[in-house]
Amino acid sequence: MAPSPKELVAKVGDNLEKKAAASEYKKESTPARILGAGSAGIAELIVFHPVDTTAKRLMSNVGKVTSASQLNSVVFKDKAGASIPKRFFSLFPGLGYAAGYKISQRIYKYGGQPFARDYLAKNHGDSFDRAFGRGNGKAIMHATAGSIIGIGEIFLLPLDILKIKRQTNPEAFRGRGLFKIIQDEGMGLYRGAGWTAARNAPGSFALFGGSAATKQYFYKLEDYNAATWTQNFFASIAGASASLIVSAPLDVIKTRIQNRNFENPERGFKIIKNMWRHEGFTSFFKGLTPKMLMTGPKLVFSFWLAQTLIPAFNKVM
């Protein structure tokens, strides 16, 4: 016998109840967030710093790479003709800056997004549910929290700039130490802040949103912290892939702004104009393939660890 209208309404209500509201969240402890995110950053640095250097040098290269020897020169620079061990270790420039930046950045981003999420859930969770529907609102709220945190990353920009210059343009230092550079350059170390924020906002939205959407729609999880290692892994792949594709053009522009000599800066719009005129539309996606193949796994690896370790630390603390 067909259900009555009253029974149908009750069934829909039951299904809505099964979908977690945006205002419902499980709060992890602050130490768990810091330890989980920091551990992910340290592990990522150890495994992937050479990969990051390779991607940055490819993005900074002007013109097309048409041969293996040219690729060798772009990636290994003045060590292109050296032995294999020397070429390998040439991919570790700026490791100190990278450690300071990467660990701080991962603690801030992976550990900070839950704080932004908590604030949105407590104060605006019902608004997300009303605007996007129960269940949908929760995933979009996670993405929005990620976007907010991504924009705030610009306060770490000086460390990022120093890391990139050490990787791609070491002659910019000319024997100067860290404190001398800070003294000389001042606010110039925040060059490209606007472009960084413009890249991070959609990139972080896609990273956390892609992961949340996978857990919400594919794995049907009401509590995202209940995801298994495997579920976190595939959710991280979805989020990282979306993030890299969305942020690719702005990432190329940001990298080119930051790798210039300190005394010879170039504005973002001039870079866009020159890229469009001399290198074409595809230049805005330079390095995307190696980023998907190399930087992609780095982001997946650290995001996966953070999503898994934060709840794990929370259980034992």
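Read-outs throughout are calculated quantities, based only on the coordinates presented, and are distinct from any laboratory measurement. Just so it is clear, the model here is predicted, and its values are computed rather than measured. Note that each Cβ is placed from the backbone with ideal geometry, even for glycine, and that neighbours are counted across all protein chains shown.
As a proxy for reagent exposure, 217, 224, 190, 108 were ordered by neighbouring Cβ count within 10 angstrom, fewest first; the result is 217, 190, 108, 224.
The calculated FRET efficiency for residue 276 paired with residue 315, based on their beta-carbon distance and R0 = 45 Å, is about 0.30. Segment residue 223..residue 43, full-extension length gain: 62.2 nm, with 0.36 nm per residue of separation and the alpha-carbon distance subtracted. Given the pairs 109/215; 86/109; 270/291; 102/254, which are separated by over 26 angstrom at their Cα positions? Over 26 Å Cα-Cα: 86/109.
When 49, 142, 278, 124 are sorted by how many other C-beta atoms sit within 10 angstrom of their C-beta, beginning with the fewest, the order is 278, 124, 49, 142. A DSSP coil position with no more than 14 other Cβ atoms inside 10 Å describes the following trypsin sites (Lys or Arg not before Pro) in segment 35-65: 64.
Between amide H atoms placed 1.01 Å from N, distances below 5 Å from residue 27 occur with no residue 5 or more places distant or on a separate chain. The ranking of 83, 236 from fewest to most other beta carbons within 10 Å of each one's beta carbon is 83, 236.
Could you compute the net charge surrounding residue 87? Neighbours are other residues with a C-beta less than 13 Å from the C-beta of residue 87; K and R count +1, D and E count -1. Value of the local net charge: +3.
Other residues within the sphere of radius under 15 Å centred on the Cβ of residue 237, judged by their own Cβ, net out at +3 (K and R +1, D and E -1).
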